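*Asks:* Can you keep this structure in mind? I'll have questions shortly.
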Amino acid sequence: MTKDKGILIRNIYYMLSYTFRVLKLSNYDEMASEKFEHIQDLFAAILAKGIARQLKQGLYKEYVSHYDNLSVLRGKLDIHGTIHHKLQRKQRLSCEYDELSENNVFNQILKTTSVILIQQPSLNVKRRKALKKVMLHFNRVDMIEPTCIKWNILQFQKNNQSYKMLINICYFVLDGLLLSTDKGKYKMATFLDDQQMSRLFEKFVLEYYRYHYPSLRAAASQIAWNIDTGAADFLPVMQTDIVLKSRNKVLIIDTKYYAHTMQVQNRYGSRTFHSNNLYQIFTYVKNQDVGNTGNVAGMLLYARTEETIVPDSDFIMSGNKIRAC
């Protein structure tokens with residue numbers, strides 16, 4: 001596989017497969033060995049397979065409100081509209097009714113993302129054909145303006161749980177890759193931005209420990225400030241990336257995704273750890289270790305780059321072990 005901003009696209013697939021475990025199912029297995037020239041090829045392949053799988057189960061439907069003038073009553077009668085028809089001597093009833101429809105925001109997001117991917121000149125011919133094939137079943141689904149999608153209010157429940165991975169892939173594409181041109185058209189960036197990759201890397205590490213080491217009870221938990229009550233109301237929330245617990249020992253992991261894992265300290269090119277990272281993990285550890293037992297450790301875990309000098313050190317800070325690697 002080729003690289004995407006220095007990151008093997010295969011690695012992105014592996015991170016996605018832990019984040020969304022549905023990718024570990026048999027019908028996705030072959031993707032691990034496929035070659036993807038561009039990141040959009042990977043997303044197109046996942047969407048084509050995922051949508052094809054969803055079509056076998058049936059597209060998710062929601063009740064959508066309709067307003068129409070009918071010859072017989074359906075749903076709720078609109079008195080004002082019906083009177084207007086009577087005055088014009090039209091034998092029509094103005095009705096408002098709900099109907100199960102596949103033309104809902106979830107399917108609209110799938111269609112919009114797929115169509116935009118299909119329109120990209122760099123997309124592999126094989127991926128384009130696969131997406132076009134599944135889109136034949138979306139004739140009754142409208143497109144949606146990407147900037148109008150309210151990602152934070154989308155709710156998943158029993159009937160649409162199978163859409164969760166697909167919608168998240170669409171989010172990666174529309175929010176992380178999509179660029180608008182001066183002519184109002186869309187084109188794709190060639191890589192995910194650092195913020196997107198940082199969140200993916202964090203989620204991957206958490207799900208990796210949950211899958212392979214369930215006894216460690218991996219969680220993204222909050223740490224309370226070890227101070228007197230009263231002033232805590234004005235302090236920021238300490239939200240960890242990953243906390244592992246085994247009996248009376250705790251390891252706090254803070255994931256970092258940088259193009260350069262070390263910072264250049266001076267004009268001579270000497271490299272040091274990112275100071276803010278060390279301050280952050282030290283604060284987490286000391287506030288978690290209320291009794292100063294030394295049983296709480298911290299780890300700064302960086303995504304590996306091709307740099308020659310990378311973090312790989314252990315420290316004992318005020319009685320607690322801190323590792324950067």
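*Asks:* Do we have any residue at all in segment 23-39 that's in a strand (DSSP E or B), farther than 17 Å from residue 165 by Cα and not polar (S, T, N, Q)?
*Replies:* Checking segment 23-39: not a single residue is in a strand (DSSP E or B), farther than 17 Å from residue 165 by Cα and not polar (S, T, N, Q).
*Asks:* Need the failing condition index for residue 37 against (1) open to solvent by less than 60 Å² (accessible area, probe 1.4 Å); (2) in contact (Cβ under 8 Å) with a residue 12 or more places away in the chain, just the number.
*Replies:* It fails just one condition, (1).
*Asks:* Right, something else. For segment 98-132: of the residues being without any contact (Cβ under 8 Å) to a residue 12 or more places away in the chain and assigned to a helix (DSSP H, G or I), which is most open to solvent (accessible area, probe 1.4 Å)?
*Replies:* Top of the filtered list is 129.
*Asks:* Now, a different point. Examine segment 85-96 for a residue that is of a type in the set (Gly, Ala, Ser), in a helix (DSSP H, G or I) and touching a strand residue (DSSP E or B) at 6+ places or on another chain (Cβ under 9 Å), and state whether such a residue exists.
*Replies:* Checked against the condition, which is being of a type in the set (Gly, Ala, Ser), in a helix (DSSP H, G or I) and touching a strand residue (DSSP E or B) at 6+ places or on another chain (Cβ under 9 Å), segment 85-96 yields no hits at all.
*Asks:* Also, quick follow-up: Have a look at 135, 188, 143, 165 and point out the one that is modelled with pLDDT of 90 or more, among the aliphatic types (A, V, I, L, M), out of contact with any Phe, Trp or Tyr (no Cβ under 8 Å at 6 or more places or on another chain) and open to solvent by less than 60 Å² (accessible area, probe 1.4 Å). First the steps, then the outcome.
*Replies:* Details: 188 fails: modelled with pLDDT of 90 or more; 143 fails: open to solvent by less than 60 Å² (accessible area, probe 1.4 Å); 165 fails: out of contact with any Phe, Trp or Tyr (no Cβ under 8 Å at 6 or more places or on another chain).
Going through 135, 188, 143, 165 in turn, the sole match is 135.
*Asks:* Among the numbered criteria (1) farther than 14 Å from residue 299 by Cβ; (2) at pLDDT 90 or above; (3) surrounded by 14 or more Cβ atoms within 10 Å (Cβ to Cβ), which one does residue 257 miss?
*Replies:* Going through the list (1) farther than 14 Å from residue 299 by Cβ; (2) at pLDDT 90 or above; (3) surrounded by 14 or more Cβ atoms within 10 Å (Cβ to Cβ), residue 257 breaks only (2).
*Asks:* Can you list residue pairs whose Cβ atoms sit under 6 Å apart, with the first residue in segment 244-266 being at negative phi and in contact (Cβ under 8 Å) with a residue 12 or more places away in the chain and the second being open to solvent by 80 Å² or more (accessible area, probe 1.4 Å) and assigned to a strand (DSSP E or B)? Count only pairs 6 or more apart in sequence or on different chains.
*Replies:* Sorted first by the residue in segment 244-266, then by its partner, the pairs are 262/271.
*Asks:* Moving on to the next point. Which condition number in (1) within 30 Å of residue 260 (Cα to Cα); (2) at pLDDT 95 or above is the one that residue 179 fails?
*Replies:* For residue 179, the exception is condition (2).
*Asks:* Which of the residues that make up segment 50-71 are surrounded by fewer than 12 Cβ atoms within 10 Å (Cβ to Cβ), assigned to a helix (DSSP H, G or I) and not polar (S, T, N, Q)?
*Replies:* 56, the sole residue that qualifies.
*Asks:* Let me ask something else about it. Among the residues that make up segment 94-111, is at least one of them among the polar types (S, T, N, Q), under 22 Å from the mean Cα position of the chain (by Cα) and closer than 30 Å to residue 208 by Cβ?
*Replies:* Checked against the condition, which is being among the polar types (S, T, N, Q), under 22 Å from the mean Cα position of the chain (by Cα) and closer than 30 Å to residue 208 by Cβ, segment 94-111 yields no hits at all.
*Asks:* Counting residues that are hydrophobic (A, V, I, L, M, F, W, C) and more than 25 Å from residue 199 (Cα to Cα), which strands (runs of 3 or more DSSP E) fully inside segment 273-325 reach at least 2?
*Replies:* Answer list for segment 273-325: 313-317.
The values are calculated or read from the model by the stated rules, or taken from the named source; none is laboratory data. Note that this is a predicted model, so its numbers are computed, not measured. Neighbour counts are summed over all protein chains in view; Cβ atoms, including those assigned to glycine, are modelled from backbone coordinates with ideal geometry. Side chains included, ligands, DNA and RNA excluded: accessible areas come from the protein's heavy atoms. Shrake-Rupley method; radii C 1.70, N 1.55, O 1.52, S 1.80 Å.
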